[in-house]
Amino acid sequence: MAAALFIFSNIFQAYRGVLQFPPYVKFDELKNPLAAALDIYATLKNIKERPAPWEFNYAIFFGQLSGLGGEVPYGTLLWQGIKNSVPGIFWKNKTVRNLNNLTASRFGFQVKDYAKNNFGFAQADFGYFSLILMPITMITIFIIMALIIKLTTRQPLLLWLLSGIILNYLTNIEQNEGDVIILFRNIMLFSMVYGAGYFLLKILDDLQRNLKLRTATSPVGVPDCHNDKQER
């Protein structure tokens, strides 16, 4: 199990920097999967050089106490996260801006890939109001999950899909502030696609049943009385 997790970590570290922003993927930089799985240096380098999530949060908190970063932006990062979550098919000239880099530049940190999380971003974006906003956000997610479980008990496949999406969000330590918007977007998207497919299959099933019913109740043959009279 430990070996499997280590191999997965090697592959993840090899591809995460290249595939992080889909519109700008550099396919020529992608490693061979086997070479990526056996490359232990990417994982070791990440453990050695990358700050832990608590360090990211502490740096933001200390920066605010020291007067770095200027005034609290109150939603600037969240708004950019919302714009990042809009599918490119609906916004052709969309510009994806890295919230990690925006936060680092604002507080004067070195611009690199931090172990970011919602609590740190909320602190940077809303200051001490994050102590209220984050619990409200988490409670809202739990309420939505409870409603989904209640409403989809007769649709186990949809229940598994939506529960998996929410559990993936809740168990993912590293997140951007806009990921909660992506969570709600994915819930709506999967629900709409599943609902459309469900009703389409139901309509086709009803049509098939009606066709079978008509075939079963239609007369097999009707005797021709005119031909009978001629034969007589």
Next on the checklist: For the range 175-203: of the residues being at pLDDT 85 or above and either β-branched (Val, Ile, Thr) or not in a helix (DSSP H, G or I) (or both), which is surrounded by the most Cβ atoms within 10 Å (Cβ to Cβ)?
Outcome noted: Val180
Checklist outcome for this item: Residue hits (the range 16-40; in a helix (DSSP H, G or I), at pLDDT below 70 and not acidic (Asp, Glu)) are Arg16, Gly17, Val18, Leu19, Pro22, Pro23, Tyr24, Phe27
Checklist entry - Do we find that Thr103 is modelled with pLDDT under 85 and of a type in the set (S, T, N, Q) in this structure? => result no
Checklist entry - Can you name the number of the only condition in (1) loosely packed, with under 14 Cβ neighbours inside 10 Å; (2) assigned to a loop (DSSP other than H, G, I, E, B) that Pro73 fails? => result (1)
Next on the checklist: So Asp206 passes all but one of these: (1) more than 42 Å from the chain's Cα centre (by Cα); (2) at pLDDT 80 or above. Which condition number does it fail?
Outcome noted: (1)
Checklist entry - Does any residue in the range 114-138 that is more than 30 Å from Gln13 (Cα to Cα) come within less than 6 Å, Cβ to Cβ, of a residue that is in a helix (DSSP H, G or I) and polar (S, T, N, Q) six or more places away or on a different chain, and which pairs are these? => result Ser130/Gln123
Next on the checklist: Going through Ser85, Ser105 one at a time, which residue ends up being over 20 Å from the mean Cα position of the chain (by Cα) and surrounded by 12 or more Cβ atoms within 10 Å (Cβ to Cβ)?
Outcome noted: Ser105
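The values are calculated or read from the model by the stated rules, or taken from the named source; none is laboratory data. Every value quoted in this text rests on a predicted model; they were computed, and no experiment measured them. Quick reminder, even Gly has a Cβ in these numbers, built from the backbone with ideal geometry, and neighbours come from all protein chains shown.
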